[in-house]
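S.K.: One structure follows; several queries about it will come next.
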Amino acid sequence: MHAEHQDIGVSQVAAAIAEPARTKILCSLMDGHARTSTELAAVAEVSASTASAHLAKLKDLSLVRLHVQGRHRYYSLADQRVAQALEALMVIGQNAAPSFKPHTPDRLQFARTCYDHMAGTLAVLLHDRLLAAGWLVETDERAYRLSESGEALFVGLGIEVQDLSTLRRKFACPCLDWSMRRPHLGGSLGAALLQMALKRKWVTQDLDSRALALTVAGRKAMGTRFGLELPLDAKVKRSQPAAAPTVIAYTR
């Protein structure tokens, strides 16, 4: 009976992937980014209602995962196994995943606030660096903890890690970035990191928007403190008046 259920499951998944519009949707998500149903409808070249029906089918079969971020709803591949299966099928079928690039204003895309923590390209790169260096450790898909070296790093930055763990909110968690469509660091640790960066003037915040500007001191700190290499197309620009600090604005 178990083998029979497995056979049925395989046929259902195969049928779901075989539908051309659903194939386009799945392949467009292989870059690890999450996208809205409207964006996926454009990728699949179907109506919004048809895309919603396709996504519901894929979600029921655990091929995609729904992320609710405030008023926004995004879809991503359910896990790495789905991506690996798609890659194998693409090799067999000599197919290629369609390319897709979301459009976001440059300044907001590079750095901005997301509630009380940092978002944008800078935040995603920093999040990835914290994980790669072993300072941040995944406990499950919705939470992180600090390693011993990670705790030492944050304490050295003046962040009271032990105090943060007593707050009635998540200590550290992935927060889906709506421009990069990949996680940045949320939770009380992410909020403390932003406040520290503002206090040390590593970043400055616009008075009339959520945009953040990375200062020269901040760029240097990202390299010396975190070993983070920023994109080569980050361009130095001096703000007005002349006495104001130099900032780096991201340009494509």
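The values are calculated or read from the model by the stated rules, or taken from the named source; none is laboratory data. From a predicted model like this one, the values you see are computed outputs, not experimental measurements. Heads up, the Cβs are rebuilt from the backbone with ideal geometry, glycines too, and the neighbour counts pull from every protein chain shown. These accessible areas exclude ligands, DNA and RNA; they are computed on the full protein's heavy atoms, side chains included. Shrake-Rupley method; radii C 1.70, N 1.55, O 1.52, S 1.80 Å.
S.K.: Taking the stated definitions as given, is Ala42 among the hydrophobic types (A, V, I, L, M, F, W, C) and in contact with a Leu (Cβ under 9 Å, 6 or more places away or on another chain)?
M.R.: The answer is no for Ala42.
S.K.: Let me ask something else. Is the stretch 209-226 home to any residue that is among the hydroxyl-bearing types (Ser, Thr, Tyr) and modelled with pLDDT of 90 or more?
M.R.: yes
S.K.: Say we look at the stretch 37-65 and pick out the residues that are within 25 Å of Ile8 (Cα to Cα) and free of Cβ contacts under 8 Å to residues at least 12 places away in the same chain; which of these is surrounded by the most Cβ atoms within 10 Å (Cβ to Cβ)?
M.R.: Step by step, filter the stretch 37-65, then rank; the result is Ala53.
S.K.: Just need a number here: residues in the stretch 165-184 that are touching a residue at least 40 places away in the same chain (Cβ under 8 Å), open to solvent by 10 Å² or more (accessible area, probe 1.4 Å) and more than 15 Å from Ala143 (Cβ to Cβ).
M.R.: So the count comes out to 4.
S.K.: Then there is this: Consider Ser209 carefully, then state whether it is among the small types (Gly, Ala, Ser), on the phi < 0 side of the Ramachandran plot, buried (at least 20 other Cβ atoms within 10 Å of the Cβ) and not assigned by the TED database to the domain that holds Glu39.
M.R.: no
S.K.: Right, next: Could you look through the stretch 66-78, keep only residues that are over 18 Å from Val43 (Cα atoms) and touching a residue at least 12 places away in the same chain (Cβ under 8 Å), and pick out the one that is least open to solvent (accessible area, probe 1.4 Å)?
M.R.: By that ranking, first place goes to Ala78.
S.K.: Also, I was wondering about something else. Taking into account only those residues within the stretch 88-120 that are open to solvent by 40 Å² or more (accessible area, probe 1.4 Å) and of a type in the set (Lys, Arg), which is modelled with the highest pLDDT?
M.R.: Applying the filter and picking the extreme gives Arg107.
S.K.: Kindly indicate the residue of the stretch 227-252 that is closer than 15 Å to Arg107 by Cβ, among the small types (Gly, Ala, Ser) and touching a helix residue (DSSP H, G or I) at 6+ places or on another chain (Cβ under 9 Å) and also modelled with the lowest pLDDT among those meeting that condition.
M.R.: Residue satisfying both the conditions and the ranking: Ala249.
S.K.: Considering every residue within the stretch 121-135, establish whether at least one is of a type outside the set (A, V, I, L, M, F, W, C), open to solvent by 60 Å² or more (accessible area, probe 1.4 Å) and free of Cβ contacts under 8 Å to residues at least 24 places away in the same chain.
M.R.: No, every residue in the stretch 121-135 fails to be of a type outside the set (A, V, I, L, M, F, W, C), open to solvent by 60 Å² or more (accessible area, probe 1.4 Å) and free of Cβ contacts under 8 Å to residues at least 24 places away in the same chain.
S.K.: Starting from the stretch 185-211, take each residue that is under 17 Å from Gln109 (Cα atoms) and list its partners that are among the polar types (S, T, N, Q), counting only C-beta distances under 6 angstrom and pairs at least six apart or across chains.
M.R.: Arg210/Thr113
S.K.: State which residue is most open to solvent (accessible area, probe 1.4 Å) when the search covers only the stretch 212-231 and only residues that are in contact (Cβ under 8 Å) with a residue 24 or more places away in the chain and among the β-branched types (Val, Ile, Thr).
M.R.: Val216
S.K.: Let me ask something else about it. Say whether the condition of being free of Cβ contacts under 8 Å to residues at least 24 places away in the same chain and in contact with a Phe, Trp or Tyr (Cβ under 7 Å, 6 or more places away or on another chain) is met by at least one residue in the stretch 80-88.
M.R.: No: zero hits.
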